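Chemist: The structure follows.
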Amino acid sequence: MAERENRRGNRRDREEAAPEFADRLVAINRVSKTVKGGKRFGFAALVVVGDQKGRVGFGKGKAKEVPEAIRKATEQAKRQMIRVQLREGRTLHHDIEGRHGAGKVVMRAAPEGTGIIAGGPMRAVFEMLGVKDVVSKSLGSANPYNMIRATIDGLKKEQSPRSVAQRRGKKVADILPKRDEAPAAEAAEA
């Protein structure tokens, strides 16, 4: 008996030790089905979940009641999380293009202080991801489902200099452009 209680206690401790996620409701859609007695309403929710430290996921849930649809969407989002490497913990490493269906998004790294320049569903993804500075544009579909999927597709393509260097068998310094030499070369030409 004590063993079983101990196991339960451990599971509870593990859940508390797991990182706390923030969630953002992006869209809620009410659909109706006409039946003999009138109309039956159902709800579909689109939720973005993240730890604001480089992990983000999205989920959709359907139910007869709004809270239940949101709960289902949140659970699905937590299961489908991806990790994204951020430069200095605030922006992307490089410019990215993401696509899904008719949705196309362009995301660009931005200097410090720019803020999140993004519309609707994309803003929710960046806020839950923990990005502080980014410039993005949605081209094509304005459907929130397609915009979020295109944004996640682009974020999956992002690569940090460390991962590129490791894959190519080089050092990180060999991959990144030299910042000190560029101004010196311009001064020598003048």
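A short reminder: the numbers here are calculations on the coordinates, not readings from a lab. Computed from a prediction, not measured in an experiment: that's the story for all the values here. Don't worry about glycine lacking a Cβ; one is built from the backbone with ideal geometry, like all the others, and counts go over all protein chains shown.
Chemist: So how long is each side of the stretch 2-173 along the principal axes, counting just the alpha-carbon atoms, biggest first, in Å?
Modeler: 68, 57, 30
Chemist: Fewest to most neighbouring Cβ within 10 Å: what's the order for Thr74, Thr34, Thr114, Thr151?
Modeler: Least crowded to most crowded, the residues run Thr34, Thr114, Thr74, Thr151.
Chemist: Right, something else. With a sphere of radius 10 Å drawn around the Cβ of Gly61, what net charge do the other residues whose Cβ falls strictly inside it have (Lys, Arg +1; Asp, Glu -1)?
Modeler: +2
Chemist: Moving on. When ranked by the protection proxy of mean other Cβ atoms within 10 Å per residue, highest first, what sequence do the peptides 47-55, 160-168 form?
Modeler: 47-55, 160-168
Chemist: Using alpha-carbon positions, what is the distance between the centroids of the stretch 96-171 and the stretch 61-81, in Å?
Modeler: 23 Å
Chemist: Residue separation times 0.36 nm, minus the C-alpha to C-alpha distance between Val35 and Arg87: what's the value?
Modeler: 13.3 nm
Chemist: What FRET efficiency comes out for the pair Asn143/Gln166, r = Cβ-Cβ distance, R0 = 41 Å, nearest 0.05?
Modeler: After rounding, the FRET efficiency stands at 0.65.
Chemist: Right, another one. Within 10 Å of each residue's Cβ, count the other Cβ atoms and sort Met81, Met128 from fewest upward.
Modeler: Listed from fewest to most nearby Cβ atoms, that is Met81, Met128.
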